[in-house]
Amino acid sequence: MVVRKAVIPAAGLGTRFLPITKAMPKEMLPIIDRPVIQYVVEEAIASGIDDLIIITGRNKRAIEDYFDDSPELEMHLRGKNNDKMLKVVQDVSSLIDIHYIRQKEPRGLGDAILKAEKHIGNEPFAVLLGDDIIVDTVPCTGQLIDVFNRTNGSVIAVNEVPPENVSSYGIIQSHVINPSLHQVEDIVEKPRIEEAPSLLGAMGRYVLTSGIFECLEEVPPGVGGEVQLTDAIKSLCKREPVYAFHFNGRRYDTGDRFGYVQAIIDFALSNEEIGEKMRGHLLRAINEKSLNWPSVKGALRCTSNFE
């Protein structure tokens, strides 16, 4: 079956970015002039997805507004003869038809995906986490779809993680088919390093068969009292083949503050308009030990109150 549907879970509370996420969804945090979630949506489109479901929650209305038409803004830009920016705004709202489903309570990633069951039906579908950006000439989701087409089984995007970060990921135990492809035998959510079956962590991209829904309905709440997708995948492995694929590409975990800043810097450096200025600024900042600047020191003193 052709993979043409995708789910983007975007209902999390964004506690790692408080207090800004009191008012702004973490998926709407900007990378230069576009929000994180736009990069995720564009990856889905580039992978051949034409039916997109975003799982939202309370205070996530900004996501819906962003991908909707904006008649007042478009009228203003027309009146200013700003055709270039008008096209940018119109292109955002015409990217793809998006359906929105609300997760009323924050019960975990697995529960969020389960909300899409009626819309997905019996078809295979992709899952793209709304705060992970993966950059490559061939989109990561497209790579997974290619593996699905060859194996006819669910596929998880994986990469090796540093031992100190194992407890932040779903870690797989697997049988090696070739250097890029493994068959998953088990997966453990956020294990301690001494309990981890490997260093291969799930990286926020999946292609799943509809069999995952029955597993999600059956698994009890796991780590953090939430319904964990990894627990459902563990169950799915016992019923049908599940694969793990070493994807090509650079991943940015923008749900993490350091990962978010990394993304901003790298995207700024590759930006045609500001790339050269950014390179110059970074060199000056390093040479001048910029943290000695009074304005930066003052900002750090202010933010330290929230640490």
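One table, with the values for the structure above:
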read-out: Karplus-derived 3J(HN,Hα), 6.51/-1.76/1.60, for each residue of segment 3-8, Hz, glycine and proline x; value: 7, 10, 10, 9, 10, 10
read-out: Segments 136-147, 74-85 sorted - mean Cβ within 10 Å per residue, highest first; value: 136-147, 74-85
read-out: Relative packing of peptides 57-64, 32-39 - highest average C-beta neighbours within 10 Å first; value: 32-39, 57-64
read-out: Taking the chain and dividing mean pair separation by its residue count, relative contact order in percent (alpha carbons under 8 Å, at least six apart); value: 20 percent
read-out: For segment 166-208, accessible area per residue (1.4 Å probe, heavy atoms of protein chains only), Å²; value: 44 Å²
read-out: 20 Å Cα-Cα reach of Lys190 towards aspartates and glutamates, excluding residues that sit fewer than 8 places from it in its own chain; value: Asp111, Asp131, Asp132, Glu160, Glu164, Glu226, Asp231, Asp253, Asp256
read-out: For Rg and Dmax of the Cα atoms in Å, calculated from these coordinates, the label among [x] 37.0, 136; [y] 20.6, 63; [z] 18.7, 54; value: [y]
read-out: Added length on full extension, which subtracts the Cα-Cα distance from 0.36 nm per residue, Asp68 to Met85; value: 4.5 nm
read-out: Radius, Kirkwood style, for segment 22-139 when every pair of distinct Cα atoms is counted (Å); value: 15.7 Å
read-out: Peptide ranges 272-278, 115-121 listed from the most packed, as the mean C-beta count within 10 angstrom indicates; value: 115-121, 272-278
read-out: Range of Cα positions in segment 124-205 per principal axis (Å), largest first; value: 35, 28, 22
read-out: Residue-normalised accessible area of segment 19-77, given per residue in Å² at a 1.4 Å probe; value: 48 Å²
read-out: Nonlocal amide H pairs with Ile31, under 5 Å, H built at 1.01 Å; value: Val36
read-out: Gap separating the Cα centres of segment 95-117 and segment 30-94, nearest whole Å; value: 19 Å
read-out: Separation between Cα centres of segment 242-259 and segment 150-186, rounded to whole Å; value: 12 Å
read-out: Placed amide H near Asp186: partners under 5 Å, 5+ positions off or other chain; value: Gln173
read-out: Solvent-accessible area, 1.4 Å probe, carbon plus sulfur percent, for segment 62-151; value: 50 percent
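The values are calculated or read from the model by the stated rules, or taken from the named source; none is laboratory data. These figures come from a predicted structure and were not determined experimentally. Using ideal geometry, Cβ is built from the backbone for each residue, glycine included, and neighbour counts are taken over all protein chains shown. In case anyone asks, the SASA skips ligands and DNA or RNA and just uses the protein heavy atoms, side chains included. Shrake-Rupley method; radii C 1.70, N 1.55, O 1.52, S 1.80 Å.
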